[in-house]
Amino acid sequence: MIPELPTDIWLQVIQFIPEDELDQLLSLNSLFLHVVLKKRYEHVRISNAHMEKKKSMNYIRRLNDPFVGQLVENLSLRLEFSLIAPRSEYPKLTWSDRIQNKVSKVIRRRPTTEPAPVPSNCESQWFDEIRIIFPRLVNLQKFAVHLYCAPTWVDCESFFEPAWQTFGARLPKLSLGGDIDSVRRIAVAKPHLPALKNLSMEFIHHSQEDTARGGLSLAQDIAPFLNILAPQLQSFRLWCWGKFDLSAFLKSLKPFPHLNGVSVRGHFDNAFQNDGSGMTIFLRQMPALRNLELRLNPQRAGLEPETERPLAQYLISCTSDAQLFRNLQSLQIYPTNRPEGIDIILNSIERSLYSLTSLTVRDRYLNLEEVARVVPALKECKQLLYLRMNLRTLDIDIFDMLSKYLPHLRQLSLALTDNFGASENMRAFLDAVQERQYMTWELTDLGLWQGASEIEQASMDLIARRIPSVKSFWGTEAKHLLPITIITDPFPSFF
């Protein structure tokens, strides 16, 4: 017999019931039915990948039920196609066409007859069934679409039309990813999205993509779509992994008066062709910008360090510009591994000295001398709560500096080189920590990483005993010893 309690109390109690046990309570009453189904269908991923297709088909069948469909808040649609379609997907050629193609190959010319692939019955049915569920998703809040190498028979405009008609007017978050031509075929319809506040776009290169044509698509089709949304967007993520003139694309965009968060990633030598002028114009057109991620690592930097020179020169110019990097609250930046990289970090700090609450230095490992330049520069950042850096080695002097210059810091994340734990450095650091007591340091969360792994728990516990304010490790909710505020990613999550 279930005790009768107010619904709001049951909703609190349910948070502490393990998911496998919660499933067993599904049939008890309508409240448990709703909660269990909501947990099961709140986030849905549909993919045509071979390993996921069966599970996706089960989702599609269940979402056809209006009761289940209205529970979905986040939908991720991932559709990828092979660059070379199976032979059965092509229509049969006539005898004369086959002869003509063989002759063309002999004389090294392209065949004059290039049959367009046609969908198999299975694929056509798959798309029809996905299209049918869109009208059921009346409460969707996030829509992520990844479309890669979409064949010509996929009519993106008609396929997505019921989606925009159902939830387009209320959708606050949208993510579009894939090769430029596939994204273009979605954007060219210019769906009506008056409630959209957060947009993510990611362009992925594939071997048969025409670079010149891709650049034209950016300017003629994707820029107009983005310019319609520019006045209303609050957060924008633009990632590009192809060889396109992204700088020219950014110059064609209108101002973003309400944009407070921007994340730009791409290879400076490929996506920007070593030209940052478009990025500068782009950043100058967002007066409300407070959160910036700028990671433009050159693709060949690891093998050819000299390829970083143009990026370093651009970032020095950019961070010295009085109109840029002002009043930022959070900054993530790759400053290059060149000597001037430290000046890039210092310039960035100086521009937002009295507003910065979160700083992340990406992909550059700092030595003790470099840390000794960066940390004191943050002394006047009284609002700084979160700091993430990469270190070549962890020296006790670094902890001493951090506690001295940043006593107000709440969350610290340090990534160490792979060989740190295997050397005597770790033991020496732990021994030195035992001689310290950081009583005035307000740090509440500490994360130490070696390579891609967390430092062993025993070492973390040992360090935490010398910093009484530390109550959690690595910023994970599950490891909190008591409720504290953890700095969150200012950019919305798109699966």
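Please get the size of the charge dipole for segment 328-402, origin at its Cα centre, with Cβ charges of +1 on Lys and Arg and -1 on Asp and Glu, quoted in debye to the nearest 20.
The dipole magnitude comes to about 280 debye.
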Checklist line | In nm, spacing of pseudo-spin labels at residue 424 and residue 48 (7 Å Cα→C-beta vector) | finding: 6.1 nm
Note to self: For segment 367-448, which GluC sites (Glu not before Pro) pass both filters: DSSP loop (anything but H, G, I, E, B) and at most 16 other C-beta atoms within 10 Å?
What the structure shows: 380, 435, 442
Next item on the list: Rounded to the nearest 0.05, what FRET efficiency do residue 16 and residue 220 give with R0 = 56 Å and r taken as the Cβ-Cβ distance? Could you check?
Entry: 0.55
Item checked: Karplus-derived HN-Hα couplings along segment 396-405 (A = 6.51, B = -1.76, C = 1.60, θ = phi - 60°), whole Hz, x at Gly and Pro -> 4, 4, 5, 4, 4, 5, 4, 5, 6, 8
Note to self: Let me make sure I get this right: for segment 307-351, a, b and c are the square roots of the gyration tensor eigenvalues over alpha carbons, sorted descending. Under 1.5 in a/c it's rounded, otherwise prolate if a/b > b/c, else oblate. Which is it?
What the structure shows: prolate
Margin query: Using Cβ contacts closer than 10 Å as the measure, can you line up 311, 193 from fewest to most?
Written below: 193, 311
Item checked: residue 208/residue 60 FRET efficiency (R0 22 Å; Cβ-Cβ; nearest 0.05) -> 0.15
Margin query: Between residue 165 and residue 462, what is the label-point separation in nm under the 7 Å Cα-to-beta-carbon projection?
Written below: 6.6 nm
Check: With a ≥ b ≥ c the root eigenvalues of the C-alpha gyration tensor of segment 393-485, is it rounded (a/c under 1.5), prolate (a/b larger than b/c) or oblate?
Finding: oblate
Check: Per-residue HN-Hα couplings for segment 290-302, Karplus 6.51 cos²θ - 1.76 cosθ + 1.60 at θ = phi - 60°, whole Hz, x for Gly and Pro?
Finding: 10, 10, 10, 10, 10, 10, 10, 3, x, 5, 9, 4, x
Check: Once you charge only the Cβ atoms, +1 for Lys and Arg and -1 for Asp and Glu, what is the size of the charge dipole of segment 120-172 about its Cα centre, to the nearest 20 debye?
Finding: 340 debye
Next item on the list: With +1 on each Lys and Arg Cβ and -1 on each Asp and Glu Cβ, and nothing else charged, work out how big the dipole of segment 393-485 is about its Cα centre, in Debye to the nearest 20.
Entry: 320 debye
Next item on the list: Return a whole-number percent for the relative contact order of segment 393-485, with Cα pairs under 8 Å and 6 or more residues apart as the contact set.
Entry: 31 percent
Checklist line | Residues residue 469 and residue 157, FRET efficiency given R0 of 45 Å [Cβ-Cβ distance, rounded to 0.05] | finding: 0.20
Checklist line | Fewest-first sequence of 200, 235 by Cβ atoms within 10 Å of each Cβ | finding: 235, 200
Margin query: Quick check on the exposure proxy: order 362, 170 from fewest to most C-beta atoms within 10 angstrom.
Written below: 170, 362
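No value in this document is a laboratory result; all are computed from the given coordinates. Only a predicted model underlies this, so the values are computations on that prediction, with no experimental measurement involved. Reconstructed Cβ throughout: ideal geometry from the backbone, glycine too, with neighbour counts over all protein chains shown.
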